[in-house]
Amino acid sequence: MAGQLLRVSSLTTALLASSGFCYYHAQLDLNDLSLIRFGRAAVATAFISYDYLSSFRHVEYGTEEYWDLKSKVHLRSALRLRELCCANRGTFIKVGQHLGALDYLLPEEYTSTLKVLHSQAPESSMEEIQQVIREDLGKELSELFVSFEEKPQGAASLAQVHKAVLHDGRTVAVKVQHPKVQKQSSKDIMVMEVLLRSVHWLFPDFAFMWLVEEAKKNMPLELNFLNEGRNAERVAEMLALFPFLKVPQIHWDLSTKRILTMDFVEGGQVNDRDYMRRHGINVNEISENLGKMYSEMIFVHGFVHCDPHPGNVLVSKCPCSKKTEIVLLDHGLYQELQPDFRLNYCRLWQALIRGDMAGVETYSRRMGAGDLYPLFACVLTARSWTAVNAGISSTPVTRSEDVEIRTNAALYLPQISELLNRVPRQMLLLLKTNDLLRGIETTLQTRASSSSFINMSRCCTRAVARHKRSKARTTTQRARITLAESLSLWQINMYELFLWVRCSVLGSWLSALLGLLY
């Protein structure tokens, strides 16, 4: 312990000295200086580390006092981390948002504190926005648009969106990148890598280097808005079978790496129950359709929109058809799954839904979980091991189970860190996506619905059958596979019909009649 404290003290002294040097040059824009950004991050890291090292010296492990104190330290550290993200902006907010989405992987004190970063992203000034547009499109705002609203419709960690009207009368949304993000992102990622390695040196059980690896890989893609536009067009074509899905059309003549212009679409956020009630939108229908979309993306196509936080998923009711629509925004972050990974993932979910524990172990091990496969199953489903053993489709979610999972997440943080470093990198964004979708279902109070498992079962069945047909050598083999697929899908349809009848007025009437006859 003394050695660890000495390390922290030495690190803190050096970092405070460098920070003081930076603050001496206060006439500059401090947030532009890499040394200031590093110093600010390093000081926050040092304080958080020291808090964890020193707070528990005189408290017995496992006592009520220990757990109460640990919760307070978690909260203090989460608040410091949030302040750091807000001060350094850009990449730091993006990573903070990622952490805030990791429900059931991090203590609640962290996730609940960092979640607000989705609504606390900084705004660039109108002068900065005009400068980006002038540099990238070579024209002034008045030459490109009839009107351009100065107040952004929304601001995110990397960009903000303004409503504008083109000269032909069409209303568009113009997404403009914050001017300094591109230049700062690579340096910020390097800072995070240095600090995470320092924390791992102090706390060997802390193994979150996967965060940096993901940021290194994904940040350049997210900062290229042309890539986002191509992703939007690809997913719109891929999911054209769903009439309820809307993806705004891209205006390529007004788009660059830092500017993306698309059709403007009205709607309320997917977690806004009041908006849905006012507009007569069925919450269960939205939840079911969202599950259909993501099951199709993950299991059938392996091309997955990995940032479904509520600000990126809007709901509306079409004024003409009166049908409910889901609008999918922000297509910068996608995960393309390798075929073998996707098929193992399909089979793992089939085993989880059926309660096939031999299958759960087999496919979890294939995905790199090793002996931690029980923890992997719990992390993936956000269910207890008891529920996983019974089959998650037949065991309803309870409040006590949620509390148990959150408690265990804090207890098994070292094992969770080890697990996340073991599994393929593709799994990390899927876990984030799962958590964001579960958060939406929890807000809509539809998480106990069986419709999500039914849709997943359909997509898994189709994906596995498609793979088998691609490997079949004869027409007879392909016909058998197709017949087996049709039979499985028919069984799923019958089960869905049974659930519908049981929950309908007819089902209630039949139950009452049978009760009277009995």
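Considering only protein heavy atoms, with the full assembly of protein chains and a 1.4 angstrom probe, order PHE341, PHE203 by accessible area, largest first.
The ordering from most to least exposed comes out as PHE203, PHE341.
May I ask you to list the lysines whose Cα is less than 16 Å away from that of LYS216, ignoring any residue fewer than eight positions away on the same chain?
LYS94, LYS183, LYS187
At 0.36 nm per residue, and after removing the present C-alpha to C-alpha distance, how many nm does the segment from THR386 to ARG277 gain when stretched out fully?
Full-extension gain reported as 35.6 nm.
Carbon and sulfur: what percent of region 319-433's accessible surface (1.4 Å probe)?
The computed percentage sits at 52.
Check region 243-335 and count each lysine pair with an alpha-carbon distance under 24 angstrom, considering only pairs eight or more places apart or from different chains.
Here the count comes out as 8.
Provide the packing ranking of 161-173, 379-391, i.e. peptides ordered by the mean count of other C-beta atoms within 10 Å per residue, highest first.
Going by the mean number of other Cβ atoms within 10 Å, highest first, we get 379-391, 161-173.
Can you work out the Karplus-derived ³J(HN,Hα) for every residue in region 301-306? Use 6.51 cos²θ - 1.76 cosθ + 1.60 with θ = phi - 60°, whole Hz, and x for glycine or proline.
9, x, 10, 10, 5, 9
Counting alpha carbon pairs within less than 8 Å and at least 6 residues apart, what relative contact order, in whole percent, applies to region 96-203?
The normalised contact order for region 96-203 reaches 18 percent.
Taking only DSSP H segments of four or more residues, each worth -39500 (n - 2.57), what value at 222 nm results for the chain once the sum is divided by all its residues, to the nearest 500 deg cm²/dmol?
-20000 deg cm²/dmol
In whole Å, largest first, what are the principal axis extents of the Cα atoms in region 56-138?
For region 56-138, the Cα spread along each principal axis is 65, 23, 15 Å.
Mind ranking LEU221, LEU114, LEU196 by accessible surface for me, highest first, 1.4 Å probe?
The ranking, largest first, comes out as LEU221, LEU196, LEU114.
How big is the dipole moment of the chain about its Cα centre under a simple scheme where the beta carbon of each Lys and Arg is +1, that of each Asp and Glu is -1, and everything else is neutral? Debye, nearest 20, please.
In total the dipole reaches around 1420 debye.
Can you give the charge dipole size of region 46-101 about its Cα centre, rounded to the nearest 20 debye, using +1 on the beta carbon of Lys and Arg and -1 on the beta carbon of Asp and Glu?
400
Rounded to the nearest Å, what's the spacing between the alpha carbon centres of region 61-79 and region 338-367? Just the number, please.
36
Contact order normalised by length for the chain, with contacts defined as Cα pairs under 8 Å and 6 or more residues apart; what percent is it?
That works out to 12 percent.
Could you tell me which of PHE264, ASN312, LEU290 has its Cα farthest along the dipole of region 254-321 towards the positive end, charges placed at Cβ (Lys, Arg +1; Asp, Glu -1), taken about the Cα centre?
PHE264
Please give the solvent-accessible surface of CYS86 in Å², to the nearest 10, using a probe radius of 1.4 Å with every protein chain present.
Ignoring ligands and nucleic acids, CYS86 comes out at about 50 Å².
Set Lys and Arg Cβ to +1 and Asp and Glu Cβ to -1, take the dipole of the chain about its Cα centre, and tell me which of THR461, SER157, SER34 lies farthest positive.
Selected residue: THR461.
Taking θ as phi - 60°, what are the ³J(HN,Hα) couplings along region 62-67 by the Karplus curve (6.51, -1.76, 1.60), each to the nearest whole Hz, with x for Gly and Pro?
My calculation for region 62-67 gives x, 7, 4, 4, 4, 5 Hz in order.
For the charge dipole of the chain, defined by +1 on Lys and Arg C-beta atoms and -1 on Asp and Glu C-beta atoms about the Cα centroid, which residue among GLY370, LEU106, TRP252 has the Cα displaced farthest towards the positive pole?
Among GLY370, LEU106, TRP252, the one farthest towards the positive end of the dipole of the chain is GLY370.
Give me a comma-separated list of calculated 3J(HN,Hα) values for region 222-231, in order, Karplus coefficients 6.51, -1.76, 1.60 applied at θ = phi - 60°, integers in Hz, x for any Gly or Pro.
Coupling constants for region 222-231: 5, 7, 9, 5, 5, 4, 4, x, 5, 4 Hz.
Rg and Dmax of region 296-370, Cα atoms, in Å?
16.8, 53
Restricted to Cα positions, what overall size does region 209-271 have along the principal axes? Three whole-Å values, descending.
Largest to smallest, the principal-axis extents are 40, 31, 24 Å.
Express the carbon and sulfur contribution to the solvent-accessible surface of region 186-312 as a percent, rounded to the nearest whole number, probe 1.4 angstrom.
Using a 1.4 Å probe with all protein chains present, region 186-312 comes out at 53 percent carbon and sulfur.
What accessible area per residue, rounded to a whole number of Å², is obtained for region 48-165 using a probe radius of 1.4 Å?
Accessible area per residue: 47 Å².
Out of all DSSP beta bridges in the chain, what portion is antiparallel? Express it as a percent rounded to 5.
So the antiparallel bridges in the chain amount to around 95 percent.
Of the listed values [x] 71, 51, 49; [y] 84, 70, 54; [z] 93, 79, 45, grab the one calculated as Cα extents along the principal axes in Å from the structure here.
[y]
Using the crude model of +1 on Lys and Arg Cβ and -1 on Asp and Glu Cβ, and no other charge, please compute the dipole size for region 198-281 relative to its Cα centre, in debye to 20.
It comes to approximately 80 debye.
Whole number in Å², please: accessible area per residue of region 287-425, 1.4 Å probe, ligands, DNA and RNA not counted.
Each residue of region 287-425 exposes 37 Å² on average to a 1.4 Å probe.
The values are calculated or read from the model by the stated rules, or taken from the named source; none is laboratory data. Keep in mind it's a predicted model, so treat the numbers as computed, not measured. Methodologically, a virtual Cβ is constructed for each residue, glycine included, from the backbone with ideal geometry; neighbour enumeration extends over all protein chains shown. Accessible surface areas use protein heavy atoms only, side chains included; no ligands, DNA or RNA. Shrake-Rupley method; radii C 1.70, N 1.55, O 1.52, S 1.80 Å.
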